[in-house]
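**Q** The structure follows.
The values are calculated or read from the model by the stated rules, or taken from the named source; none is laboratory data. Remember, it's a predicted structure, so these values are computed and weren't measured experimentally. Neighbour counts are summed over all protein chains in view; Cβ atoms, including those assigned to glycine, are modelled from backbone coordinates with ideal geometry. Note: areas computed on protein heavy atoms with side chains; ligands, DNA, RNA excluded. Shrake-Rupley method; radii C 1.70, N 1.55, O 1.52, S 1.80 Å.
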Amino acid sequence: MTDAPHLSNTPGTKPDWADRMEQAVLDAAVRLAPTLGWNSRLVRAACAENGLSEGDEDLLLPNGARDLAALLSRRHDARALEALGEPGAMKIRARIAAALSARMEAGAADLEATKRCAGFLALPTNTDLSLSLAWESADHLWRWAGDTATDWNHYSKRVILSGILIPALTLRWFEGRDRAEAFVAARIENVMAFEKWKAGKDFEAPVRRATEMLSRLRYGRDRPQP
């Protein structure tokens with residue numbers, strides 16, 4: 001099976017032993033997950049298949065199935081970016097639609113394993129990881145689309161796209177591509193409406209006003225003269 005490059009690797013360099021072993025264990029997990037589910041049993045079986053002892057497993061994947069889920073999500077991110085190539089002259093609406101579609105299809109290539117992983121991430125104890133991985137994916141997709149914002153917009157865009165990505169992926173895994181693509185098309189309208197609404201708005205104004213007020217309190221400005 002040919003996979004997209006690991007995002008953490010520097011182009012032109014060979015991955016170290018840990019990176020290579022992570023990917024080998026992940027390959028085994030993707031194959032075994034439909035039978036074993038996404039859990040500690042899967043981690044042990046995938047590691048054992050690659051000749052790792054329990055001690056080696058603890059060093060490679062200290063958080064067990066959570067680490068394995070993160071590896072799968074990052075593989076799918078890398079696979080989506082590889083499939084997307086360069087955005088070219090596409091408008092932002094088309095870029096976001098293409099990015100979301102590529103990310104959904106990247107996971108669909110490992111559909112049965114991805115479903116097991118999605119069920120694992122849906123557990124209340126894994127909500128933090130699920131949100132963190134969605135943010136990572138949204139960040140990669142926005143950067144691919146050409147976003148260079150470093151202010152408030154940087155965070156708002158990723159929050160919005162994460163909020164679309166999580167249900168879109170769930171729909172793709174469990175209800176199929178058509179249902180997921182329809183959901184994405186409707187939600188992109190919301191993104192564009194938000195972008196239009198905030199255009200030209202000064203979101204730093206409240207911070208400046210608060211700073212000015214604190215400055216007056218600190219230095220006694222605008223106090224009534226005796």
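**Q** Would you be able to say whether some residue in segment 86-108 is touching a residue at least 12 places away in the same chain (Cβ under 8 Å), within 21 Å of N39 (Cα to Cα), open to solvent by less than 40 Å² (accessible area, probe 1.4 Å) and in a helix (DSSP H, G or I)?
**A** So in segment 86-108, the residues touching a residue at least 12 places away in the same chain (Cβ under 8 Å) come out as 87, 92-93, 95-108.
From what's left, within 21 Å of N39 (Cα to Cα): 107-108.
Among the residues that remain, those that are also open to solvent by less than 40 Å² (accessible area, probe 1.4 Å) are: 107-108.
Restricting the remaining residues to those that are in a helix (DSSP H, G or I) gives 107-108.
Taking every residue of segment 86-108 in turn, at least one turns out to be touching a residue at least 12 places away in the same chain (Cβ under 8 Å), within 21 Å of N39 (Cα to Cα), open to solvent by less than 40 Å² (accessible area, probe 1.4 Å) and in a helix (DSSP H, G or I).
**Q** Turning to a different aspect of this structure: Hey, could you check segment 109-138 for residues that are open to solvent by 30 Å² or more (accessible area, probe 1.4 Å) and charged (D, E, K, R) and say which is farthest from the chain's Cα centre (by Cα)?
**A** The extreme case among them is E112.
One line per residue, one yes/no per condition, for (1) open to solvent by 20 Å² or more (accessible area, probe 1.4 Å); (2) at pLDDT 95 or above; (3) in contact with a His (Cβ under 6 Å, 6 or more places away or on another chain); (4) at negative phi:
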{"residue": "S40", "(1), (2), (3), (4)": "yes, yes, no, yes"}
{"residue": "G51", "(1), (2), (3), (4)": "yes, yes, no, no"}
{"residue": "A69", "(1), (2), (3), (4)": "no, yes, no, yes"}
{"residue": "L72", "(1), (2), (3), (4)": "no, yes, no, yes"}
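**Q** Can you run down the residue pairs with Cβ atoms below 6 Å, 6 or more apart or on separate chains, where the first is in segment 133-144 and in a helix (DSSP H, G or I) and the partner is among the hydroxyl-bearing types (S, T, Y)?
**A** So the pair list comes out as L133/S73; A134/S162; W135/S162; A138/S162.
**Q** Working only within segment 19-49, note down all residues that are in a helix (DSSP H, G or I) and either aromatic (F, W, Y) or farther than 18 Å from E112 by Cβ (or both).
**A** Filtering segment 19-49 down to residues in a helix (DSSP H, G or I) leaves 19-36, 40-49.
Across segment 19-49, the qualifying residues are D19, R20, M21, E22, Q23, A24, S40, R44, C47, A48.
**Q** Same structure, new question: For segment 153-165, state whether one or more residues are among the basic types (K, R) and touching a residue at least 12 places away in the same chain (Cβ under 8 Å).
**A** Our first condition is that a residue be among the basic types (K, R); within segment 153-165, this holds for 157-158.
Keeping just the survivors that are touching a residue at least 12 places away in the same chain (Cβ under 8 Å) gives 157-158.
Yes; the residues of segment 153-165 include at least one that is among the basic types (K, R) and touching a residue at least 12 places away in the same chain (Cβ under 8 Å).
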